[in-house]
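Worksheet for the structure shown next.
Only the coordinates and a few stated rules stand behind these numbers; no lab work does. These numbers come from a predicted model, not from an experiment. Heads up, the Cβs are rebuilt from the backbone with ideal geometry, glycines too, and the neighbour counts pull from every protein chain shown.
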Amino acid sequence: MTTGKLQIHSENILPIIKKWLYSDKDIFLRELVSNACDAMQKVKVLRDAGECSAQDDEFRIEIVANAEEGTVTITDTGIGMDRDEVERYIAQLAFSGAEEFVEKYQSQKEGEQIIGHFGLGFYSAYMVAETVEIDTLSYREGAQPALWSCDGSSEYTLGEGGRQTRGTKITLHIAKEEEEYLDEERLRSILNHYCAFLPYPIYLNGIHLNEKKPLWLKPAAECTDQEYLDFYRQLYPTGEDPLFWVHLSVDYPFNLKGILYFPKVSRNFNFDKNTIKLFCNRVFVSDNCKDLIPDYLMILQGAIDSPDIPLNVSRSYLQMDRTVRQLSGHISKKVSDRLVSFYQDHRDRFIESWPDLEVIVKLGAIQDEKFYERVKGCLIWKNLDGEWTTLDDYLERNKEKHDNRVFYSPDERHRPHFLDLYRQKGIEVLFTHPAIDLHLIAFLERQRSGLSFCRIDGRIDDLLLDKDREKSILDAEGKTEATRLADLLRTALEIEGLQVVAKSLASDALPGFVMMDEQARRMRDMLVMSDIEQGEKGLEGVMSGRKTFVANTNSPLMHSLQRLYGRNPALAKNLARQVYDLALLSQRELRPEAMDTFIERNQAVLQQLAAAAALSS
Ligand code: ADP
Ligand code: MG
């Protein structure tokens, strides 16, 4: 029997480990079970190399909880260790991450699950155990069993063990305050969480737990839709059925298997809870794939299994690692390929799913140029006639009429008169997503030189005018009728910084609209979205001098207004203001604080009109 000191600069690493991770002590079991798997995997490798003999049915992990003795044991039939190896692999705490861990611990008061990130696998046992024993027999011929024991201080003993057969038995003497870990149910639920897809049979108090082989290991060609759906249900028992999925399988330059699902994003979809599950050789590692997959794909669900992402890695390592970056690129490629084939093969279903896909695809296009290049053929918008189109098709169709110009509106329902104007002139308008397209449009304009997007209230395009009915005859004062209407409205409205023009618009039903400078309006919308404290003034400031009221010289309402002005200027003024506010309202541009004035004025005007009508009838 020898005694020794754990080789680590900090004397106190074990108390630190013990004290620290209240948030996720459960992972001790994952660590020990995955060590057991590793040890058996090594036996398989040796067997294949002819260096030892072993039968497949020998491989198993037994976990036994013994409440009376206060112990949990984890026994494997793996490679085992001799005394030297215990010394080297366990006692010397040869994990490079240990010091980093201690530093982190000292500089950080609270933290997430960190132990697994620092290569402290085996020692995580001390989160729940007072004393840990390792009883182990190496696979080598003539090896002597070794018994290591350590009570969590920095001293340990290492002597002769009692094991007769190859493998390792770890005994945890569970600490008083961690007695819950003696409970079979508790252990079962941890094992189901972390070890459901383990490659070796695992028994808890004699009962076989993991019978499921993960679907990601099965070749995609052999998997049925039902199997994919069942597997999804296994991972997310409460979710709605997913839209579609991507089966990943890569051997080179890294190893990766997995199935990713596009979820239906319902209102109560919980983004934090339904993340992709990360496995390492079928052992569950984490729900957090933040650094592994691009941001825009964080909404996906499913499982990724890669032995190339070690159980124990620090976040900073993940961020730098080349494999991880390639992996992320590969996932993005697979997902985009799948999107494109979904679009090409099942266009109707794709369109049906578009509300769920739109944000992912568009965000991806903006954030990742490669992704954009791949998915641009399935970036679609709905047009005025309710048909879906890609940008290329739109441009091609309209190149005679308005080359490289795209008309759009973020609102399908609320501007019927306005949209009629475009409909009557046969100009194709696309409906955009109010938030994400603001960015996407800017991105697309940068991507393709000459391309410009124009919101329907962004300019008075020649295409919208009815040239034949233009009122261009000059009167005695040298003014056209259009100028007269504009002057009248300018005087009636009296709004500082507002320009007023009158045009012969193609739709008579539209009294007018408020034209907003495209660039200024976009800037304002960006500011609104970015949530930067601008103050109300600041936001409107961006638009000041950039708004024009465009009155329609063909509108019967405008004609009546003109006539009324001579007889009852006060009422005409109020009506003009109502028309202006209504235009803003229908363009979703009436500011909330202007609403009160609008309603009061409305009541006053109605009262006046009702009284007049009562008199004349
Ligand atoms: P890691 O698994 O990342 O190497 P651990 O702290 O979990 O770190 O384990 C340290 C080392 O101890 C392992 O690499 C392995 O050599 C040895 N070891 C741990 N558990 C076992 C086991 N059950 N059987 C054989 N060797 C083991
Ligand atoms: Mg380990």
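With a cut-off of 19 Å, note down the residues of the stretch 352-376 whose backbone N falls inside the zone around a label point 7 Å from the Cα of Arg448 toward its beta carbon.
361-376
Would you mind classifying the stretch 544-617 by shape? Square roots of the alpha carbon gyration tensor eigenvalues, ordered a ≥ b ≥ c; an a/c under 1.5 is rounded, otherwise it is prolate if a/b is larger than b/c and oblate if not.
Numbers: a/c = 2.41, a/b = 1.39, b/c = 1.74.
In terms of gyration-tensor shape, oblate.
Apply the a/c threshold of 1.5 to the C-alpha gyration tensor of the stretch 356-426 and tell me whether it is rounded, prolate or oblate.
Note, shape of the stretch 356-426 comes out oblate.
What are the residues whose amide H is under 5 Å from the amide H of Val500, where those residues sit 5 or more places off or on another chain and H is modelled from the backbone?
Phe549
From the residues Ile299, Phe254, Gln578, which one has its Cα farthest along the dipole of the chain in the positive direction, the dipole being from +1 and -1 charges on Cβ of Lys/Arg and Asp/Glu about the Cα centre?
Going by the charge dipole, the pick is Gln578.
For the chain, find the longest principal axis of its Cα atoms and tell me its angle to the long axis of helix 556-567, 0 to 90°, nearest 10.
That helix lies at roughly 50 degrees to the long axis.
On C-alpha positions alone, give me the angle between the axis of helix 436-447 and the longest principal axis of the chain, in degrees, nearest 10.
90
In which sequence would Asp287, Asp225 go, from the one with the fewest C-beta neighbours within 10 Å to the one with the most?
Asp225, Asp287
Listing Leu464, Leu590 from the residue with the fewest other Cβ atoms within 10 Å to the one with the most, what is the order?
Ascending number of Cβ neighbours within 10 Å: Leu590, Leu464.
Cα gyration tensor of the stretch 124-216, axes a ≥ b ≥ c as square roots of the eigenvalues: rounded (a/c below 1.5), prolate (a/b > b/c) or oblate? All intermediate terms of the calculation are to be shown ahead of the outcome.
Working: a/c = 2.57, a/b = 1.26, b/c = 2.04.
Since a/c reaches 1.5 but b/c is at least a/b, the shape of the stretch 124-216 is classed as oblate.
Treating each Cα of the chain as an identical point scatterer and ignoring solvent, apply the Debye formula and state log10 I(q)/I(0) at q = 0.07, 0.08, 0.10 Å⁻¹.
Relative scattering, expressed as log10 I(q)/I(0), comes to -0.64, -0.74, -0.94.
Report the calculated FRET efficiency for Lys370 and Lys399 (r = Cβ-Cβ distance, R0 = 30 Å), to the nearest 0.05.
Details: r = 28 Å, r/R0 = 0.93.
My answer for the efficiency is 0.60.
Against the longest principal axis of the chain, how steep is helix 595-616, in degrees 0 to 90 to the nearest 10, with axes from Cα atoms?
Tilt of helix 595-616: around 30 degrees.
To the nearest 20 debye, what charge dipole does the chain have about its Cα centre, counting +1 at the Cβ of each Lys and Arg and -1 at the Cβ of each Asp and Glu?
The dipole magnitude comes to about 2580 debye.
With Kirkwood's inverse mean 1/r over C-alpha pairs for Rh, give me the Rg to Rh ratio of the stretch 466-515, two decimals please.
Rounded to two decimals, Rg/Rh equals 0.98.
Taking 8 Å as the Cα distance limit and 6 or more residues as the minimum spacing, I'd like the relative contact order of the stretch 331-449 as a percentage.
25
Normalized C-alpha radius of gyration of the stretch 453-554, against 2.2 N^0.38 Å?
Ratio of Cα Rg to 2.2 N^0.38 Å: 1.25.
Give the residues of the stretch 482-500 whose amide nitrogen is closer than 18 Å to a point set 7 Å from the Cα of Asn568 in the direction of its Cβ.
Under cut-off, by backbone N: 492-493.
With only Lys, Arg, Asp and Glu charged, each at its Cβ (+1 for the first two, -1 for the last two), find how big the charge dipole of the stretch 391-452 is about the Cα centre; round to the nearest 20 debye.
That gives a dipole near 160 debye.
Treat every Asp and Glu Cβ in the stretch 438-589 as -1 and every Lys and Arg Cβ as +1, leave all other atoms uncharged, and give the resulting dipole magnitude about the Cα centre to the nearest 20 debye. Can you show the working numbers first?
Values: 22 positive and 23 negative charges, 30 e Å.
Result for the stretch 438-589 is approximately 140 debye, rounded to the nearest 20.
Determine the relative contact order of the chain: mean sequence separation of Cα pairs under 8 Å and six or more apart, normalised by residue count, in whole percent.
Reported relative contact order: 8 percent.
Can you give the calculated 222 nm mean residue ellipticity of the chain, where each DSSP H run of n ≥ 4 adds -39,500 (n - 2.57) and the sum is split over every residue, rounded to the nearest 500 deg cm²/dmol?
Using -39500 (n - 2.57) per qualifying helix, the result is -12000 deg cm²/dmol.
Using 0.36 nm per residue of separation minus the Cα-Cα distance, give me the extension gain between Thr3 and Leu46 in nm, one decimal.
My answer for the length gained is 12.3 nm.
What is the Cα centroid distance between the stretch 21-53 and the stretch 457-504, reported in whole angstrom?
Cα centres, the stretch 21-53 to the stretch 457-504: 81 Å.
Order of Leu46, Leu217 from fewest to most other C-beta atoms within 10 Å?
Ranking Leu46, Leu217 by Cβ neighbours within 10 Å, fewest first, gives Leu217, Leu46.
Hey, how many Å between the Cα centroid of the stretch 347-404 and the Cα centroid of the stretch 537-576?
For the stretch 347-404 versus the stretch 537-576, the Cα centre distance is 37 Å.
Using 1/(1 + (r/R0)^6) with R0 = 25 angstrom and r between the beta carbons of Ser560 and Glu540, what's the FRET efficiency to the nearest 0.05?
Efficiency for this residue pair is about 0.20.
Of Ser34, Tyr126, Asn554, which is farthest on the positive side of the dipole of the chain, counting Cα position, with +1 on Lys and Arg Cβ, -1 on Asp and Glu Cβ, and the Cα centre as origin?
Asn554
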